[in-house]
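These notes concern the structure reproduced below.
The values are calculated or read from the model by the stated rules, or taken from the named source; none is laboratory data. What you are looking at is a predicted structure, and each value in this text was computed from that prediction instead of being measured. Using ideal geometry, Cβ is built from the backbone for each residue, glycine included, and neighbour counts are taken over all protein chains shown. The accessibility values were calculated without ligands, DNA or RNA, using every heavy atom of the protein model including side chains. Shrake-Rupley method; radii C 1.70, N 1.55, O 1.52, S 1.80 Å.
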Amino acid sequence: MALGSVSSEVRLKVAQCFRSLSSSADHTDVFDALETLNSYLDDGAESSSTAAEREEFRRTQYTRTLRVLVGQLQAHWTHSLSAAQRSKLWDPLFLKGPPDQALLVLMEAVTQLRPSAGLDRLVSVTERFLQSGRLADLLWSFCLRSVPPDSAQLRETLLARLAALPDLTANRLHPNNRPLFTPQRFYPLLASEMLAALERICRALRDGVDCSLTFVAQTLGKVCLQGHSGLVLGVMAPRLAVCTRSDVVWQRVSWRLLQDVPERCMESVLTGLLQVADSSDTFSRIAGNLVLTNKKAQFVLTHKVLLLQYKYETQVLRTVLGYLASDRDRRPLLIQVLRSVSQAWANPSAVKHTPQEQQLYVSKTLLLAASLLTDAELQELRSDLLQCLLDGMQSHLDSSAVGIRTLGMVVGECLSARMDLNGAKLKFEYDQNEETRELLSLMTPSVCDPDPDPEPDPHPDSEAADGSEATRESSQVKSPSQRSKSDPDSDLDSDDDLPPYDMSGDVEASRAAPPRYLRDCLEALISSDDSQRVEFSLRAAESLVRRNVFAAKEISVQMTKVLLHMEDKFSVSGFLVLRQAAMVALTAVDSVPVTQFLTTEFYSLNYSLRQRLDILEVLALAAQELSKPAADKITAAASELTPYQSNSAASWRQEVEKRIQNKTKRISKGSAQPGAGAAPNRYAPVAGYFFFPLLRNYDKPEVTFDLLGSDHLVLGRLIHTLGLFMHLAVNAPIAAQMGAALLDFVWAVRYHADQTVRRGVLFAICSVFLSMPSQALMMDLSQQLMETRTWLADVAEADPDADCRSLAVQSLVLLDQNLKKQLQNPNGLSVES
Amino acid sequence: MSRPAPCPVYTLRGAGAPLNTLHFRCSGGDSPLLFSGSAKGAVHIWNLKSRRAERVLEGHGSNSVIWVSTLQTADTLISQGRDMRVCLWDLTEGRIEALDSVWTGSVGFCQCSVLETSPSSYLLAFAGPQTEEIKIIEMPSKNPVCTLTPDTKLGMVMCVQLWKPDSGLGPLLLAGYEDGSLLLWDVTQRSELSRVKAHPEPVMCLTFDPGRLRGVSGSCEKKLSSWMLDGQNHIQLQDCVTLVNPGISQLCVRSDGRLLASAGWDHRVRVFGWKKLQPLAVLHYHTDMALSVAFSDHQDPKQRLLAAGSKDQRISLWSIYNQNADTC
């Protein structure tokens, strides 16, 4: 009954105040009303209202009061308030009442009001609301309330407003937004307010008061889910790390906080925390045994971060695995992780179909996990690991991508070394690069664990370093002087007054002489057992072929055959390069017979893959050479033969040129460069000989050569080479036929499982679009083009290989350019119509 | 840019056989002479003014002549052949007469060494009939002075050099052996003073500069080994000079102690500064192994020559570093 009377009394009084606020013309009435309202919020002893009245006001009338005040923003009295009066009477009503209601009203008003002086006032109040730490009060108020009656919906709204405050204000105030409301300022503020609330909770717990962390956890989750985990946790994690180091209450609060994070937000909170935690130690102090109690957390930490995503830094992997390894209860999870990761690593389908970056990521995880195992655990897992190692190595080494092969080798080496297979160790030869070094370094436990106590000043350290550097410098300064001191002694006894002659002619003596005739050279290559002679012949072969074209044409095919079958019996240095150069020279000098020979041999029996690849390389290089303007080559050769004459000729020319320039007056500067001299394209007439024979037999599997089956490496090279021929044949009359044939050819293998083949196909398509006359392209191939287009779009989107994707995009762009050119060209249209 | 490699001043052809050894005698009054010993057993006497062979001495049957030398005090030519004999020739007043011969008994290629102790007598050191044996006799009386045999097996004697130190001690002898060892003998005491292993392969040649107490030795490898004698007559190995091609057949230091020349198996003659063994020039003319090298003993430094004899049957003469630090 008494309660009812209090409530009605308060209601009456408040209604009276509202009336005077809304209707009174007299400012004193208004001020009285405001003071009355303020008195309900004043907790001080001199307050005129009773505690019950205040409680009632806060509970039922506060929101209404604020709404009325907001509604009266345009009223006359509001404008006539002085600054002092406002800060005494008006602002406190927003800043002292229950913060949740105040925030809701403020946000509601900000979203509804038009830009005006009133809105500015509200924004300032909001700013003061944030600055005066009301958010911490808000969070704290929810921690104490055991079961809030008006719960779910109100909470939800409040959370949404709280988390989205920067968005709401930005939408509304766009050009005049306050800096405090930007995400960069607001979220760190929110984080520190959360920390303040947590601090109060700790204090309360020590005093034996029960608190609920649900609301803080929900806020944290919500903010992280919206993608601000970096900003928020960047502030919270370091503080939590410090506080949880020694304080048990803080530890419990921190663990509880993470446990109370709603399930759908768990992932974003955990990944955010992983990224800002500087070590696994910190992470495990903050998160406790969360991974054991929370299913979602377990899934994220043991599966999603390790196997499904691959965007994180290595440090994150270290943190996760270190976290799993650092506690006895969590170690079974580490073993489980190692099992699943090793299966993922060894999976042949994954090796084929996942991007290389992900495979690198999985490899890192595998190595890290293996390095964290104890020897006993390793023994237990040994058979599993060995199986994984064998399967995985095989599928990695089968891959045609160099990176993946290297990955397999490095992981194989590291794992075999870790497992200690009766002293047997795998050892591969691969090129060291950034990636492999990082992988190898993962096996050695990280020494760079940040020191457990970050508090001590790092200055003494750096000073010591400075000092040592200084001493080092001084010693460096000293040493030259010492040297200069010792110098004069030796001066007495030097041979300095005897100037040496040119001794560049003093080279290793060679016992045999290089052959002077091409036939001698060939003879030596065929039959000689004298390593010296063979080496000289090989070295001389290219220049002999080029110098004497007629002699070369007589024996070109025979010599090509000899070179193709030649083995490096004497391990001549640079054997492959020399042999290739000689074959290229032969092909360039006598194109038709040699290409006929080589293209036939490419599909014949009894060649190794290496030889077939050699054939392709030689053909490609020869085509490149032929397609370059020949004039360059000749002048270069001439200048090589008679450097003196050509030099003098050039200087003579320059001299005359200079004189002419001096005598000439120029009104405007045109292009000073002389146009490139015209030269016949030597490739265009023979392009067909290079190209078509290679298309002939690709689908006839031989016993030793199955192009469409296991020899996909050669297939990839073949298609790439064909693409190159196509590219070089630009402007040649035969280009249209070549393009059509090439498109037909690659159509059959466009979905090949091997990425090098797909890359080759896309390269070939690119070169077709580049080299084929656009008219021919549109008219002859219009049907195929549509299909090609859809296929390219598909590849550009979905191919696991990054190179393939970018090549597909490239092709699409080229195709579009071709289309545009064709449509803009009126001639083309008329022909088409 | 350094100067281009030098060319020979002139060449002497017509010996008709590889030239194993060369010796100048230019200090005499009349025209300067060059003696050469060929693989066919002939000793040619070349007149360096007319650049012709004045006379040919055939004293060793057709066995290869491996060493020729003259005496400063008497007009005597000494030649050593593979017929195990050392012959003495009288050259006075244009005569060429075989005076005497000494039987050495050595089947090896070790060249003798001669040291004039007084105007009328001189010492001759040569490899003896036994493997490691060196014999020293006093000439012209042919009185044996001593026989030096090391107490361990070192293989054949490859090269010897006699000299008399300034300190007034008796004559000393340096000898290189087949296993690469270098021994210093005291002739009067008949004792071994010092021993080092200078090369892993046989010592092919050595030369010693008594003024600076330094020497170098060559072998069939790619380096020259330099060494020096300390106050206690111990041989101290010093740093090596690495060559481009292996094999050295002869070494020679110019009398003024500034240049060292080496005859290489790679057809080239190399010239080094003697003080620091800094490479100075590579003389490339011959088309076969260079077998011998010698500096002339002209009174006038500007006329000094370097001669190289080769397996290609030619002798090339070079004028190099004759003016003070100037061109040839």
(request) Could you calculate the contour length gain from A:Gln184 to A:Asp502, that is, 0.36 nm times the residue separation minus the distance between their Cα atoms, to one decimal place in nm? (result) 107.4 nm
(request) Report in % the part of the accessible area of the protein assembly as shown that belongs to carbon and sulfur, leaving out ligands and nucleic acids; probe 1.4 Å. (result) 52 percent
(message) What distance in nm separates the two pseudo spin-label positions at A:Arg203 and B:Lys302, each 7 Å out from Cα along the beta-carbon direction?
(response) 10.8 nm
(request) List the extent of the Cα atoms of region A:202-267 along each of their three principal axes, largest first, rounded to whole Å. (result) 35, 23, 14
(request) Apply 1/(1 + (r/R0)^6) to the Cβ-Cβ distance of B:Lys222 and A:Asn697, taking R0 = 56 Å, and write down the FRET efficiency to the nearest 0.05. (result) 0.55
(request) Give the interface area between chains B and A as buried accessible surface, both sides summed, probe 1.4 Å, in Å² to the nearest 100. (result) 2100 Å²
(message) A drop of at least 50 square angstrom in accessible area, chain alone versus all protein chains together, probe 1.4 Å. Which residues of region A:500-541 meet that?
(response) A:Pro500, A:Tyr501, A:Asp502, A:Met503, A:Asp506, A:Glu508
(message) At 1.4 Å probe size, what's the solvent-accessible area of A:Lys820? Round to the nearest 10 Å².
(response) 130 Å²
(message) How high is the relative contact order of region B:106-242? Use alpha-carbon pairs under 8 Å, at least six apart in sequence, and give a whole percent.
(response) 15 percent
(request) Run the numbers on region B:236-263: which residues show a drop of 10 Å² or more in accessible area, chain on its own versus all protein chains together, using a 1.4 Å probe over heavy atoms? (result) B:Val244, B:Asn245, B:Arg258
(request) Counting only heavy atoms of the protein chains, get the accessible area per residue of region B:106-242 (1.4 Å probe) and round it to a whole Å² value. (result) 43 Å²
(request) Would you mind working out the accessible area per residue for chain A, using a 1.4 Å probe, and quoting it in Å²? (result) 52 Å²
(message) Using only alpha-carbon positions, what ratio does the radius of gyration of chain A give when scaled by 2.2 N^0.38 Å?
(response) 1.44
(message) Relative contact order of chain B, please, whole-number percent, based on alpha carbon pairs below 8 angstrom and at least 6 residues apart.
(response) 14 percent
(message) Starting from a Cα-only point model with no solvent, please compute log10 I(q)/I(0) by Debye for chain B at q = 0.07, 0.09, 0.11 1/Å.
(response) -0.25, -0.43, -0.66
(request) On the full set of protein chains, 1.4 Å probe, figure out the accessible area of A:Thr111 and give it in Å² to the nearest 10. (result) 50 Å²
(request) Subtract the Cα-Cα distance of A:Lys295 and A:Leu440 from 0.36 nm times their separation in residues, and report this length gain in nm to one decimal. (result) 48.9 nm
(request) With only alpha-carbon atoms counted, please give the Rg and Dmax of region B:67-206, in Å. (result) 15.0, 48
(request) Calculate for chain A the 222 nm mean residue ellipticity that helices alone would give, adding -39,500 (n - 2.57) per DSSP H run of length 4 or more and normalising by residue count, nearest 500 deg cm²/dmol. (result) -22500 deg cm²/dmol
(message) Between A:Lys820 and A:Ala748, what's the calculated FRET efficiency when r is the beta-carbon distance and R0 is 35 Å? Round to 0.05.
(response) 0.75
(message) Explain nothing, just the number: relative contact order of region B:15-149, from Cα pairs under 8 Å at least 6 residues apart, as a whole percent.
(response) 13 percent
(request) Work out which GluC sites (Glu not before Pro) in chain A are exposed loop sites (DSSP not H, G, I, E or B, at most 16 other Cβ within 10 Å) and give the longest gap free of them. (result) A:47-312
(message) At 1.4 Å probe size, put A:Arg612, B:Arg212 in order of accessible surface, largest to smallest.
(response) B:Arg212, A:Arg612
(message) Checking buried surface per residue: for region B:1-21, which residues lose a minimum of 10 Å² accessible area in the protein assembly relative to the chain alone (1.4 Å probe)?
(response) B:Met1, B:Ser2, B:Arg3, B:Pro4, B:Ala5, B:Pro6
(request) Give me the distance in nm between label points sitting 7 Å out from Cα along the Cα-to-Cβ direction at A:Asn662 and A:Leu144, one decimal. (result) 9.9 nm
(message) At 1.4 Å probe size, put B:Cys7, A:Cys143 in order of accessible surface, largest to smallest.
(response) B:Cys7, A:Cys143
(message) Need one number: nm distance between label points at B:Thr92 and A:Arg418, each 7 Å from Cα along Cα→Cβ, rounded to one decimal.
(response) 9.8 nm
(message) Students sometimes get this wrong: rank A:Val557, A:Val320 by accessible area, probe 1.4 Å, all chains present, largest first.
(response) A:Val557, A:Val320
(request) Would you please give the FRET efficiency between A:Asp210 and A:Arg245, computed as 1/(1 + (r/R0)^6) with r the Cβ-Cβ distance and R0 = 25 Å, to the nearest 0.05? (result) 0.50
(message) Please report the spacing between the Cα centers of region A:359-386 and region A:311-338 in Å, no decimals.
(response) 11 Å
(message) Taking the Cα centroid of region B:266-328 and of region B:202-237, what is the distance between the two, rounded to the nearest whole Å?
(response) 20 Å
(message) Going through the cross-link list B:Lys49/B:Lys276; B:Lys276/B:Lys311; A:Lys311/A:Lys427; B:Lys275/B:Lys311; B:Lys40/B:Lys223; A:Lys222/A:Lys311, which pairs have a Cα-Cα distance over 24 Å in this structure?
(response) B:Lys49/B:Lys276; B:Lys276/B:Lys311; A:Lys311/A:Lys427; B:Lys275/B:Lys311; B:Lys40/B:Lys223
(message) If I ignore ligands, DNA and RNA and count only protein heavy atoms, how much of B:Lys40 is accessible to a 1.4 Å probe, in Å² to the nearest 10?
(response) 130 Å²
(request) Compute the label zone of A:Leu378 within region A:319-341: residues whose backbone N is under 20 Å from the point 7 Å along Cα-to-Cβ. (result) A:321-328, A:331-341
